[in-house]
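> This is the structure I want to talk about, given as structure tokens.
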Amino acid sequence: MKELPEWYYDELIQVGTDYGSEDEVLSYDRKMATIRNIPKEAEIMCQLINIQPGDEILEIGCGTGEFSIELSKHCKQVTALDISQKMLDFAEKKAKSRKRENVRFVNAGFLTFDSGDEVYDAVVTQLVLHHLPDFWKFIALKNISSMLKSGGKFFLKDVVFSSETPDFDSYFSQLFRTMPPETDEKIVEEMKLHIKEEYSTFDWTMKGLIEQAGFRIEEYEHKNGFMATYLCIKE
Ligand SMILES: C[S@@+](CC[C@H](N)C(=O)[O-])C[C@H]1O[C@@H](n2cnc3c(N)ncnc32)[C@H](O)[C@@H]1O
């Protein structure tokens, strides 16, 4: 982990949901297995960023490791970072139980990872960047750019608010009012905590941050007014 000056943002402190808690790790893993098809997501990602068998990929904020493990079936090596040691312990056990030996788990994040001389063919981060305030998102994006080979791909998925939403008060009130009654209460609580305490930003801010950090946005998609994906190329 990099030694950083005292004035640096402390990314090791969990913001919003506490992914450093053992209960949260188990519950997150179960929840994702129910609501996502991660092997399929990894396959789609491989096509999207044209992953080759010899590629070295960095995933930032790997959580319980499912996506890194799936990616590792399509490339030479995945380096999977997370600031939560509990998440990493869980992910590492999962990788061992599935006999995936080409995933390296490292306790570090966007700001603290020391890549040494390593440069990656692609960097992926999903549902993580909103843990940093905007200024630090920019520093994180610059770090990512510096760890990518020239022309390397960067895939970002995160909760990003849409500039097409005319009024956020009524947008969120309506969102919570119209959720299906069977929605898990914990998911609703987490969504509220996300809006209240985490640092999701606007689409126009995110676009500026990505471009100023030295990327060209090749593909962009925004779903449901809050879930954005960006496929970026290092210029
Ligand atoms: C919502 S989970 C997403 C996990 C996984 N990427 C996924 O798509 O399921 C957020 C994860 O990001 C980690 N995290 C939070 N801040 C981080 C940072 N600054 N750098 C790296 N990981 C971070 C948390 O510990 C947690 O495991």
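Derivation of every value follows stated rules applied to the coordinates shown; laboratory data play no part. These numbers were taken from a predicted model, which means no experiment stands behind them. FYI the Cβ positions are ideal-geometry reconstructions off the backbone, even for glycines, and counts take in every protein chain you see.
> Give, as a single signed number, the net charge of other residues whose beta carbon lies under 12 Å from the beta carbon of Tyr171, with Lys and Arg counted +1 and Asp and Glu -1.
Result for the neighbourhood of Tyr171: -2.
> Continuing with the same structure: Between segment 198-235 and segment 145-181, what's the alpha-carbon centroid distance in Å?
One Cα centre to the other: 9 Å.
> Using the Cα centre of the chain as origin and beta-carbon charges of +1 (Lys, Arg) and -1 (Asp, Glu), tell me which of Val188, Ala42, Ser162 is placed farthest towards the positive end of the dipole.
Of the options given, the answer is Ala42.
> Classify segment 90-235: rounded, prolate or oblate, from the alpha-carbon gyration tensor (a ≥ b ≥ c, eigenvalue square roots; a/c under 1.5 rounded; otherwise prolate if a/b is larger than b/c)?
oblate
> Return the distance in nm (one decimal) between the two label points of a simple spin-label model at Thr183 and Glu221, each offset 7 Å from Cα along Cα→Cβ.
2.2 nm
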